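Take a look at the structure set out below.
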Amino acid sequence: MTLMAAVLLLLGFFIGLGFFGPQGGFFGLVIALTIWLVLMLISLSQGDAILLAASKAKPVTHDVHPQLFNVVEEMKIAAGLPAMPKIYIINDPAPNAFATGRNPQTASVAVTAGLLGRLNRDELQGVIAHEISHILHRDILFVTLAGIMLGSIVLLSHIFLRGMFYSSMTGSRRRYSAGGAGGGQAQLIMLIVAIAAAILAPLMAYLLYFALSRRREYLADAGAARLTRYPEGLASALEKIASDKSPQLTTVNKITAPMYIVNPFKKKRQRKLSDLTSTHPPISERVKILRNMTGGASFKDYSDSYSEVTHTKTVIPPTALTKEDVALREASAQIKKKERLEKQFRQVGDIMRRVNGFVFLTCVCGLKLKIPPNFKANKVRCPRCHKTLPLSA
Amino acid sequence: MPALIVVAVIVVLLIISVIGVYNALIRLRNQVDNSWSQIDVQLKRRHDLIPNLVETAKGYMKHERETFEAITNARSQAMGAKTVSEASKAEGALGETLSRFMLVVENYPDLKANQNFLAVQEELTSTENKISFARQSYNDQVLFFNNKIQMFPSNIVANMFNFGKRDFFELESAAEREVPKVSFS
């Protein structure tokens, strides 16, 4: 984060030097800061409402999906959040979930219908715990700020390079010729440095941004393990999500991508190695780390497991690594039946219909009629027993 | 004269730091109380759910009078508990009775297919989980608070204003200590 800010400020400084002469460094700084501030104000004032609307998320209450609501409330209690996050469902078969909200008081959690259809209770709990950890660590604010900084850097260098291109096309001489011959040469060097900075800074910013995003993912995984005391839940959820064949989410953009539990952009091939240009660590590695946590569920245990699996230094900030005794819990018994999964899918379909204003009617012959909201007549005929049923409301 | 100023500054600094520590202790104590009330809310909710559960299951389980009686007794004992340690014991016993009941339920497939029962079951599972998560967070807070009032220098302020240690909320039986699990489906 601080590194990205440094990149932004340095870029502004060099562009200022190159563009406006030796005194222009400060002016460049001011421009860089202004761009950053304006972008930040826009995105912070727009808030998560736009994001949720863009992903076509529908709010749900306890009545619509008691289990989802309960699981979120459980995690809210475990994390000690000051308020219950708002819950949304996205009607999309790709299993995924994300959290938004600048602070823990006004957070929201959204899950896709595909996720609800596939996971059992423990796995759902793991995924929700991951999202609640994002909220608890204020990752949404963190990643948004970093994203804006990235945007500012890209924008600034783009403007500069374009400006250079056009001014050289028209052959216009700029103010810096006033400095005299010696000054002009120094100016030329400055200009070259500025161009180099404008080309390199966005690349560096991208790499820093992705590294930051991946680190926050690991941290949220560690938080999820600590909240649930059951890393296996999240591990098997991640595995299920990774093996899913449905097409990628229809409503994602690059800015919100780090907030999802797994990268919403599907790649042609699953890369095994840690990838420098990805917002998320490889799922196989995340699963391995979680499964390797045999001693306990604290941040320290996760960090140890991380070092063992990846053979690198830990990504967990040292302040979280206090020694604490956090015992793992056992799995709750789960029935693994195919039939059950199909039923679960059908139920999720019904939930989506209820969210979208469908009316449910059970005929005396036992057939369940699902009536769309644009059905205008006040009577409906049962397709099985041909009885006419009244439609109230 | 300069010595007087130095003494005055030291006294003022001391008073400020005492106020700071005192406020921190109050905040921690309130957090502990708040987490305790979270457990309390969930325990009450479990008490409220039990009649519902018994009512739904009764029609299907004609020959399990003893099980129902055990649940009802455990519930009234838990509701009558006064102190934290008493409550831990009674609630632990109630949790155990409930998980035994859920094992018995496995023998009644009709009951397990009943929509109302499934709904009560989901609520009960979730309440059990909420109890254990609330307990988890309460114990974390208590540990933090107890450490604070025992460690130097905050222990001086704690003694001055009579901050007492808090009890952990442990469930009594060995089986329940691992995890209060009523797990179905």
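So that you can scan it fast, the table gives a plain yes or no per residue for (1) within 14 Å of chain A (Cβ to nearest Cβ); (2) part of a helix (DSSP H, G or I); (3) modelled with pLDDT of 85 or more:
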{"site": "B:117", "(1), (2), (3)": "yes, yes, no"}
{"site": "B:138", "(1), (2), (3)": "yes, yes, yes"}
{"site": "B:156", "(1), (2), (3)": "no, yes, no"}
{"site": "B:165", "(1), (2), (3)": "no, no, no"}
{"site": "B:170", "(1), (2), (3)": "yes, no, no"}
The strands (runs of 3 or more DSSP E) lying entirely within the stretch A:292-393 that contain at least 1 residues which are acidic (Asp, Glu), at pLDDT below 75 and surrounded by 11 or more Cβ atoms within 10 Å (Cβ to Cβ) are none
Residue B:94 is checked against (1) part of a helix (DSSP H, G or I); (2) among the hydrophobic types (A, V, I, L, M, F, W, C); (3) in contact with a Phe, Trp or Tyr (Cβ under 8 Å, 6 or more places away or on another chain) and fails just one. What number does that condition carry?
(3)
Matching residues, the stretch B:140-152, being more than 10 Å from chain A (Cβ to nearest Cβ) and assigned to a helix (DSSP H, G or I):
B:142, B:144, B:145, B:146, B:147, B:148, B:149, B:150
Looking at A:53, A:129, A:78 in this structure, which one is modelled with pLDDT under 85 and in a helix (DSSP H, G or I)?
A:53
Residue A:83 vs. criteria within 14 Å of chain B (Cβ to nearest Cβ) and either farther than 25 Å from residue A:234 by Cα or not in a helix (DSSP H, G or I) (or both)
yes
It is to be established whether one or more residues within the stretch A:264-271 are buried (at least 16 other Cβ atoms within 10 Å of the Cβ), at pLDDT 70 or above and not polar (S, T, N, Q).
yes
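One line per residue, one yes/no per condition, for (1) surrounded by fewer than 21 Cβ atoms within 10 Å (Cβ to Cβ); (2) within 22 Å of the chain's Cα centre (by Cα):
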{"residue": "A:35", "(1), (2)": "yes, no"}
{"residue": "A:39", "(1), (2)": "yes, yes"}
{"residue": "A:42", "(1), (2)": "yes, yes"}
{"residue": "A:50", "(1), (2)": "yes, yes"}
{"residue": "A:59", "(1), (2)": "yes, yes"}
{"residue": "A:81", "(1), (2)": "yes, yes"}
{"residue": "A:88", "(1), (2)": "no, yes"}
Can you run down the residue pairs with Cβ atoms below 6 Å, 6 or more apart or on separate chains, where the first is in the stretch B:29-48 and surrounded by 14 or more Cβ atoms within 10 Å (Cβ to Cβ) and the partner is of a type in the set (Gly, Ala, Ser)?
B:35/B:137; B:38/B:134; B:39/B:134; B:42/B:134
Whichever residue in the stretch A:234-258 is crowded, with 19+ Cβ neighbours inside 10 Å and at pLDDT below 70 and, among such residues, is nearest to the chain's Cα centre (by Cα)
A:256
Answer yes or no: is there a residue in the stretch B:11-25 that is within 14 Å of another protein chain (Cβ to nearest Cβ), part of a helix (DSSP H, G or I) and more than 20 Å from the chain's Cα centre (by Cα).
no
Residues that are without any contact (Cβ under 8 Å) to a residue 40 or more places away in the chain and over 25 Å from residue A:75 (Cα atoms), drawn from the stretch B:113-130:
B:113, B:115
Selection status of residue A:13, assigned by TED's automatic domain parsing to the domain that holds residue A:209, among the aromatic types (Phe, Trp, Tyr) and either modelled with pLDDT of 80 or more or closer than 23 Å to residue A:358 by Cβ (or both):
no
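The values are calculated or read from the model by the stated rules, or taken from the named source; none is laboratory data. Small disclaimer: the values here were computed from a predicted structure and weren't measured. In this analysis, Cβ positions are derived from the backbone assuming ideal geometry, glycine residues included, and neighbour counts consider all displayed protein chains.
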